[in-house]
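A short worksheet on the structure shown next.
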Amino acid sequence: MRIRWDLISNLSEIHLGLDGHHLVNKRFVETIAEVKQRIPLGILPDIKKQTVKEALLTCPAHLRAIIKSAAVDMDEKAINALKEVFPDIAIVIDHYHVIQDANQRLNKARLIEQEIINQQRAKKGFGRMEIAGNLLRKAREHLNEKRGEKEYLDIFLTRYSRLKIWYICKERLRDVYKAKNRQEGKQLLESLILTMRTSDDIELYLWGKTLIHYKEEILNYFLYRTTNAYTEGLHVRCKLVQRISCGFRNAEVYIRKALLVLLPLSVVITNSHYLSNHPL
């Protein structure tokens, strides 16, 4: 289990990205990369906190001083490992995962509302109806006015007031990331959390509680604008390796093969002894 810190030894500052991806059954592996300079550093055999921590502890002392931020998803194991090894860096919850979590919560609220409506319709002898979840998840600025999507959604939200509140909260969360700086983002986020925490809807209240828990990690985005987009992109290639190999059961074999795809060809050629002399 070796992280290629040597690949970023000449950088003036480092911004890490950690993200897990599926291997087989319920097993996940962890990808680590430098996200600003777009450099893959390694893949860990699992996403356990101890595994991640041990890998991070191999970082040389002269590099620890220039690690400025690390982007992760809402994974407490990775967050805690980073805090213990690099207590002074800015940990950033990747904004894609924050919005993805919002959409999942909104969709859950939609399904509950839809079931209540269909139970009422069934009593009256009417058939089932489907609430268009794709429009609720879609960013408001991406709604197609020519197709009448925005008008339809507004009419729909007027009819279902509970979902309207959820939709507005989701859009307000997206607005946080449009803020010019951390202070403005903080004001928008705190205003949103206050709305959620004073709601009679228990699920909305709990969502607000989650945002409070990750508040600093969400706002740290504005320090370096760090995202995990590059790490997510690496996973596209990793999935291709899995597909053309018809899947893997052995994590070590998968990691070795994936690294041959992810690492630059020049690194593979000039460090051909790496995979054989440095066990994972």
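Here are a few things to note about the model shown:
- Segment 141-153, residues that are touching a residue at least 12 places away in the same chain (Cβ under 8 Å) and either exposed (fewer than 15 other Cβ atoms within 10 Å of the Cβ) or of a type in the set (S, T, Y) (or both): Y152
Table: residues versus (1) assigned by TED's automatic domain parsing to the domain that holds V35; (2) of a type outside the set (D, E, K, R).
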| site | (1), (2) |
| --- | --- |
| L63 | yes, yes |
| V85 | yes, yes |
| Q100 | no, yes |
| A109 | no, yes |
| R121 | no, no |
| R128 | no, no |
| K150 | no, no |
| D154 | no, no |
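- Segment 19-74, residues that are at positive phi and more than 20 Å from the chain's Cα centre (by Cα): N25
- In segment 195-215, the residues that are without any contact (Cβ under 8 Å) to a residue 12 or more places away in the chain and assigned to a helix (DSSP H, G or I): I202, Y205, L206, H213
- If the condition is being touching a Phe, Trp or Tyr at 6+ places or on another chain (Cβ under 8 Å) and at pLDDT below 95, then segment 16-37 contributes G20, H21, H22, L23, V24, V29.
- Filtering segment 82-95 for residues that are out of contact with any Asp or Glu (no Cβ under 6 Å at 6 or more places or on another chain), over 22 Å from W5 (Cα atoms) and of a type in the set (F, W, Y) leaves an empty set.
- Scanning segment 9-22 for residues that are surrounded by 22 or more Cβ atoms within 10 Å (Cβ to Cβ) and hydrophobic (A, V, I, L, M, F, W, C) turns up I14, L16, L18.
- Top-ranked residue of segment 1-50 - restricted to ones that are in contact with a Gly (Cβ under 7 Å, 6 or more places away or on another chain) and part of a loop (DSSP other than H, G, I, E, B), ranked as nearest to N220 (Cα to Cα): V35
- The set of residues from segment 216-264 being aromatic (F, W, Y) and either in a loop (DSSP other than H, G, I, E, B) or over 14 Å from the mean Cα position of the chain (by Cα) (or both) comprises F222, Y224, F248, Y254.
- Residue within segment 241-263 that is farther than 23 Å from R27 by Cβ and either among the basic types (K, R) or surrounded by fewer than 15 Cβ atoms within 10 Å (Cβ to Cβ) (or both) present: no
- Set side by side, the residues A55, A81, A102, A71 differ, and just one is in contact with a Cys (Cβ under 9 Å, 6 or more places away or on another chain) and buried (at least 19 other Cβ atoms within 10 Å of the Cβ), which is A102.
- Each residue in segment 51-71 was checked for being touching a Lys or Arg at 6+ places or on another chain (Cβ under 8 Å) and in a loop (DSSP other than H, G, I, E, B), and 1 pass.
The values are calculated or read from the model by the stated rules, or taken from the named source; none is laboratory data. Remember, predicted model here, so these are calculated numbers, not experimental data. Glycine gets a Cβ as well: all are built from the backbone with ideal geometry, and neighbour counts include every protein chain shown.
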